[in-house]
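Each value in this text was obtained by applying a stated rule to the coordinates, not by laboratory testing. Keep in mind it's a predicted model, so treat the numbers as computed, not measured. Don't worry about glycine lacking a Cβ; one is built from the backbone with ideal geometry, like all the others, and counts go over all protein chains shown.
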Amino acid sequence: MAKIIEAPKLYTPKENEMSLFLGGGITNCPDWQKELIELLKDTPDLVMYNPRRANFPIHDPNAAEEQITWEYNNLKDVDILVFWFSRGSLNPIVLYELGMWGNSSHRALFVGMDEKYERQQDVLIQTKLARPEIEIAYSLEDLSVQILNSLK
């Protein structure tokens, strides 16, 4: 059974565990993280870092810095980067994170986007230029299959 670590909780994976970051939209987006977690939840020795909190303390002036720092540290340290571009938002932070962490490193990378995501061409071209081996997924099911196949 996979472990789910929700922001801002801390967890250091054990030596036998693979760590994965669920990078993608949170604000004005469907809860795609919940769907992908459901598809991957039975994977043994997998730790998924989920930046979407059940209750974000919007009135706490320190919450944003805590959230961004948590995401930064986990994006830097995980074994597998997953980026999902969902409908409902342009996902500007996700575009930045894909460029910084995904397309500029050589760690395992999986990229997917909703068929209604407005900036598909940008993601396609940038990823093709930087990481031509990456196959973009157009459903969370396909994205989960890519991830599961890589873990075998």
- line: A correct fewest-to-most ranking of 115, 97 by other Cβ atoms within 10 Å would be 115, 97
statement: With -39,500 (n - 2.57) per DSSP H segment of 4 or more residues and division by the full residue count of the chain, the 222 nm estimate, nearest 500 deg cm²/dmol, is -10500 deg cm²/dmol
- line: Other residues with Cβ under 11 Å from the Cβ of residue 32 give, with Lys and Arg +1 and Asp and Glu -1, a net charge of -1
query: Taking chymotrypsin sites (Phe, Trp or Tyr not before Pro) that fall in a DSSP loop and have at most 16 other Cβ atoms within 10 Å as cut points, what is the longest piece of the chain between them?
result: 12-137
- line: Restricting to Cα pairs under 8 Å and 6 or more apart, the percent relative contact order of region 3-151 works out to 27 percent
task: Counting other beta carbons within 10 Å of each Cβ, put 43, 127, 12 in order, fewest first.
output: 12, 43, 127
